[in-house]
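S.K.: Take this structure, written in structure tokens, and hold onto it; I'll ask about it next.
The values are calculated or read from the model by the stated rules, or taken from the named source; none is laboratory data. The structure displayed is predicted, hence computed values, not measured ones. Quick reminder, even Gly has a Cβ in these numbers, built from the backbone with ideal geometry, and neighbours come from all protein chains shown.
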Ligand code: G3H
């Protein structure tokens, strides 16, 4: 089934990686918004790809969301130590969408270790400064900064703002600035410019840019604009795992 999933889509994947300048694309059949099987396959393929990169003592940092959550159940045991770290504190998500929960599951599936980052979602400047000085938080932040691999989802901006119960002033600002997408707490417009950043503790854009491997997992036609926008400025070491519906639209967008 693995071969069937993207054999005929590999030409499409190659074409888009050339157009967008990212190092690799993996495309699964269908539309994740329409088909449960496509959603599952996104998780399977993203999990398989992550697994292929793992080496002894690697550190992997992971954001929250349903797409990264679906990867967690498709990882297999590895015969060496790997540590999974949540990339951000809670972002006001449901428990099952939180990075803390997902890294625990990834560690369980692979036989690896995990760290937890228990901090409130959005904190005042003062609280933020105090929290990052806490030794237990400091040590997780160091793990995030020194991670070899970052795994993240990409969300539709409006949907993410609602899901995270973002306050109405910020929702208004996102609308005014024409935010279309969101990844690791950064909202961006269709040109890929950052229009808003959630001040949470954890992975920052400058950390992402320095990673050796970046795995983005996102599919479903409702995310086309978000994914196209993200790819406008995506670091070249990004691998995107997406679906056929998105890939075909990306071809038109670039
Ligand atoms: O940052 C992006 C969102 O976390 C994506 O969430 O995978 O549930 O669509 P999702």
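S.K.: Are any residues in the range 160-194 under 24 Å from residue 144 (Cα atoms) and touching a strand residue (DSSP E or B) at 6+ places or on another chain (Cβ under 7 Å), and if so, which ones?
M.R.: Hits for the range 160-194 are 160, 181, 182, 183, 184, 185, 186, 187, 188, 194.
Residues are listed down the side, and each one gets a yes or a no for (1) touching a strand residue (DSSP E or B) at 6+ places or on another chain (Cβ under 8 Å); (2) within 22 Å of residue 253 (Cα to Cα); (3) buried (at least 17 other Cβ atoms within 10 Å of the Cβ):
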site	(1), (2), (3)
11	no, yes, no
15	no, yes, no
34	no, yes, no
40	no, no, no
46	yes, no, yes
63	yes, no, yes
67	yes, no, yes
73	no, no, no
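S.K.: Now for a different question. Which of the residues that make up the range 148-183 are more than 15 Å from the ligand (Cβ to nearest atom) and part of a helix (DSSP H, G or I)?
M.R.: Step one: list which residues in the range 148-183 are more than 15 Å from the ligand (Cβ to nearest atom), which gives 148-149, 167-173, 175-178.
Result: 168, 169, 170, 171, 172, 173, 175, 176.
S.K.: Turning to a different aspect of this structure: Residue check: is residue 186 in contact with a helix residue (DSSP H, G or I) (Cβ under 7 Å, 6 or more places away or on another chain) and either at pLDDT below 95 or within 13 Å of the ligand (Cβ to nearest atom) (or both)?
M.R.: yes
S.K.: Might you let me know whether the range 112-134 holds any residue that is part of a helix (DSSP H, G or I), in contact with a helix residue (DSSP H, G or I) (Cβ under 8 Å, 6 or more places away or on another chain) and over 27 Å from residue 238 (Cα atoms)?
M.R.: Step one: list which residues in the range 112-134 are part of a helix (DSSP H, G or I), which gives 125-133.
Of the ones still in play, those that are also in contact with a helix residue (DSSP H, G or I) (Cβ under 8 Å, 6 or more places away or on another chain) are 131-132.
Retained after the next criterion (residues that are over 27 Å from residue 238 (Cα atoms)): 131-132.
The answer is yes; a qualifying residue exists.
S.K.: Still on this structure, please answer the following. If you take the residues in the range 53-67 that are part of a loop (DSSP other than H, G, I, E, B) and within 6 Å of the ligand (Cβ to nearest atom), which one is farthest from residue 211 (Cα to Cα)?
M.R.: Result: 65.
S.K.: Then there's this: Would you confirm, using the coordinates I've provided, whether residue 61 is touching a helix residue (DSSP H, G or I) at 6+ places or on another chain (Cβ under 7 Å), in contact (Cβ under 8 Å) with a residue 12 or more places away in the chain and at negative phi?
M.R.: Yes.
S.K.: Still on this structure: Go through (1) in a loop (DSSP other than H, G, I, E, B); (2) over 18 Å from the mean Cα position of the chain (by Cα); (3) in contact (Cβ under 8 Å) with a residue 40 or more places away in the chain for residue 22 and report which single condition fails.
M.R.: (2)
S.K.: Another question about this same structure. Determine whether residue 237 is surrounded by fewer than 21 Cβ atoms within 10 Å (Cβ to Cβ) and touching a strand residue (DSSP E or B) at 6+ places or on another chain (Cβ under 6 Å).
M.R.: Details: surrounded by fewer than 21 Cβ atoms within 10 Å (Cβ to Cβ): yes; touching a strand residue (DSSP E or B) at 6+ places or on another chain (Cβ under 6 Å): yes.
Yes.
Here's the yes/no breakdown for (1) crowded, with 22+ Cβ neighbours inside 10 Å; (2) without any contact (Cβ under 8 Å) to a residue 12 or more places away in the chain:
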| residue | (1), (2) |
| --- | --- |
| 170 | no, no |
| 177 | no, no |
| 181 | yes, no |
| 186 | no, no |
| 189 | no, no |
| 199 | no, no |
| 203 | yes, no |
| 210 | no, yes |
| 218 | yes, no |
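S.K.: Only one of 191, 145, 232, 197 is more than 16 Å from the ligand (Cβ to nearest atom), in contact with a helix residue (DSSP H, G or I) (Cβ under 9 Å, 6 or more places away or on another chain) and closer than 29 Å to residue 132 by Cα; which?
M.R.: 145 is the lone residue from the list that is more than 16 Å from the ligand (Cβ to nearest atom), in contact with a helix residue (DSSP H, G or I) (Cβ under 9 Å, 6 or more places away or on another chain) and closer than 29 Å to residue 132 by Cα.
S.K.: Mind telling me which of the residues 45, 34 ends up being assigned to a loop (DSSP other than H, G, I, E, B) and within 16 Å of the ligand (Cβ to nearest atom)?
M.R.: Just a single option satisfies the conditions, and that option is 34.
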